[in-house]
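K.L.:
Please read through the structure below; I'll follow up with questions.
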Amino acid sequence: MKRLLTSAIIFILAILWFSSVRNDRNKTQAVRLTEEVTFSNQVVRLMQNHCMRCHHQDGHAPFPLTTYKEAYPWARSIKSAVVSRRMPHGVFAARLGNGCGDVDTFEGPRRLLDSEIAMISEWVDAGAPEGNPANMPPPMTFEDDHDEYYDGWRAGEPDLKLDNGPDGFRVPGQLNEDFFRRFPIKTDYEADRYFTTFEAQVGTGDMGRQINIVHHVTLFIDPTCGSLEQEKRFAASNPKIPGAGFEGDFTYPTELVGMWFPGTNPIVLQDSIAVKVPRGACLIMEVHYTTWHPEAIMDKTAVGLRWAHAPIYRERVATRVNNEHFTIPAGAKHYEVNAIKTFDDPITIYSMAPHMHQFGTDFIAEALLPNGEKRCLIDVEYDFKHQGNYLLKQPIHLPAGTKINVRAFYDNTDDFARQLNHPPKDIPFGPVSDKEMCQITVGLTHDSQVLHPSSPTISTIRVSDDRLIINGSDLRPGAFIEINGKFLTDTQLGGRQPYVFSSADWQELCGEGKRVRIAVVNPDGGRSQTKIFSQRDTEERRNPIQR
């Protein structure tokens, strides 16, 4: 009997154990199935965050990735591109974590996390499954910002547009190299001006569709307009790529404003902050072109700026932290160069642009606070072809006495992939790309600075001799008449008691009987009150109806 009872207990325990194992197996399988990487569940969301801004129908990229049907044929190519970090195109290579930011630190394209690359690899290795289409997120919408040359600006219609020529710029095919073309323009303004947005558009003219030949677009301010002379000298040298603009390193001081990559958002500065364009300065649009396409293409690339439409109280400036006195020895690996700068007053940082040349591998910038605390600002795995202007989502405030310290690393060994010399030779500092640089350009404001913008007023608005004439006070040279938010480019200042007038542009916006909102905006963003105006009202006051 005892033996029978023991057998029964063993049997029951065996059943319980088997059931437990089976349940565990089922749980494991359920977990695996739940975590299976599919296009509909995980991959499409990653592509919405990192890929689709360029990879959509008629986008900058050569093929769309908005649906499973579009993405599936490219699955293995996608894996190869993200594992090698060739994509996302123009990706910023900032390392995140370890006290140096996270995925929400920077605006625009950023380096894929290792976990995101692993997800793509797992999806492709599993056969790129679609998953349940019911799990798909809402589709993204894309502004058709390149069907017309200047339509569809995401930051609003620009007040100033710079381009690469009235008919565009002819980019040769099959050169199989990159080149940087710079297109200068003289501003000829009557006073210093401030702009608050920077945006670029790229596209081809004769082919009517986007071609992936523009890697990125950069904007510089040239206060002395030395770029115009450099363009003349370049044209006289009969370059292999003819046309407008010039190439080569700057031989005069310039200020980096920002960089734009296909798929990125425009730079929109915070309220009351702007970048100053000094009176008489030149603006330079630099376009990084690639030439692996089969035939010549007419490219139409343009930069758009919006002037300050509201008072400006702080100027955003570009400050360099750099070292111009170093040499990288031949054969040196992971060679370190340092630069440091002390800021005597409190500052707020909005952007950072690390810069080295072909031998650079790693770039770290950190803030050394007066209390001894050390704060990592940026940590970049550097690639000369994938430089970036890193825009902070949340500005960084640093107290007076802070030092920004740079640690830049270089590889000058024979087996380094970007080695230019075999055998290696010593590489000194120099602005040309076969030499080296150690520099970070920091976009910041000085918190102690308080500008005092003007206060224009409007007393009367009238039409006389087909001109729109506005009288008032504190109207400054370079002021704009603003109608319904748009600046009139033909605005002029006149009279001993200053007034502003428009001879032609106003008529399109103020059509007969139309009621519009009018203000006057000075170059420093100081603006008048807004007044409602109708040409019919002035005519009725001048010619009252006889009853």
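K.L.:
Restricting segment 367-390 to residues that are surrounded by 19 or more Cβ atoms within 10 Å (Cβ to Cβ) and part of a strand (DSSP E or B), which is nearest to the chain's Cα centre (by Cα)?
P.N.:
Here the residue is Tyr390.
K.L.:
Ser433 - would you say it is assigned to a loop (DSSP other than H, G, I, E, B), surrounded by fewer than 20 Cβ atoms within 10 Å (Cβ to Cβ) and at pLDDT 95 or above?
P.N.:
no
K.L.:
Phe343 fails exactly one of the following numbered conditions: (1) open to solvent by less than 50 Å² (accessible area, probe 1.4 Å); (2) more than 30 Å from Ala408 (Cβ to Cβ); (3) not acidic (Asp, Glu). What is the number of that condition?
P.N.:
(2)
K.L.:
Restricting attention to segment 391-412, which residues are open to solvent by less than 10 Å² (accessible area, probe 1.4 Å) and either at positive phi or outside any strand (DSSP E or B) (or both)?
P.N.:
Residues satisfying the conditions are Thr402, Asn412.
K.L.:
If you scan segment 109-125, which residues turn out to be open to solvent by 70 Å² or more (accessible area, probe 1.4 Å) and of a type in the set (A, V, I, L, M)?
P.N.:
none
K.L.:
Pick out the one residue from Phe501, Phe487 that is more than 28 Å from the chain's Cα centre (by Cα) and either on the phi < 0 side of the Ramachandran plot or free of Cβ contacts under 8 Å to residues at least 60 places away in the same chain (or both).
P.N.:
Phe501
K.L.:
Give the residue that is surrounded by the fewest Cβ atoms within 10 Å (Cβ to Cβ), with candidates limited to residues of segment 347-357 that are out of contact with any Gly (no Cβ under 9 Å at 6 or more places or on another chain) and at pLDDT 95 or above.
P.N.:
Thr348
K.L.:
Go through (1) modelled with pLDDT of 90 or more; (2) open to solvent by less than 60 Å² (accessible area, probe 1.4 Å); (3) not in a strand (DSSP E or B) and name the single condition Arg233 misses.
P.N.:
(2)
K.L.:
Right, Lys514: open to solvent by 40 Å² or more (accessible area, probe 1.4 Å) and either farther than 29 Å from Val275 by Cα or in contact with a helix residue (DSSP H, G or I) (Cβ under 7 Å, 6 or more places away or on another chain) (or both) or not?
P.N.:
yes
K.L.:
On the basis of being surrounded by fewer than 18 Cβ atoms within 10 Å (Cβ to Cβ), more than 24 Å from His386 (Cα to Cα) and of a type in the set (Lys, Arg), does Arg476 make the cut?
P.N.:
No; evaluated as a whole, the condition is false for this residue.
K.L.:
Moving on to the next point. Report those strands (runs of 3 or more DSSP E) wholly inside segment 268-363 carrying at least 1 residues which are within 19 Å of the chain's Cα centre (by Cα).
P.N.:
Passing ranges, in order: 273-277, 282-290, 302-307, 317-323, 347-355.
K.L.:
Now for a different question. On the given criteria, is Val287 surrounded by 15 or more Cβ atoms within 10 Å (Cβ to Cβ) and either under 20 Å from Val450 (Cα atoms) or at pLDDT 95 or above (or both)?
P.N.:
No: the conditions fail for Val287.
The values are calculated or read from the model by the stated rules, or taken from the named source; none is laboratory data. Nothing here was measured: the structure is a model prediction, and the numbers come from that model. Virtual Cβ from ideal backbone geometry, glycine too; neighbours counted across all protein chains shown. Accessible surface is based on the protein model in full, side chains and every heavy atom, while ligands, DNA and RNA are left aside. Shrake-Rupley method; radii C 1.70, N 1.55, O 1.52, S 1.80 Å.
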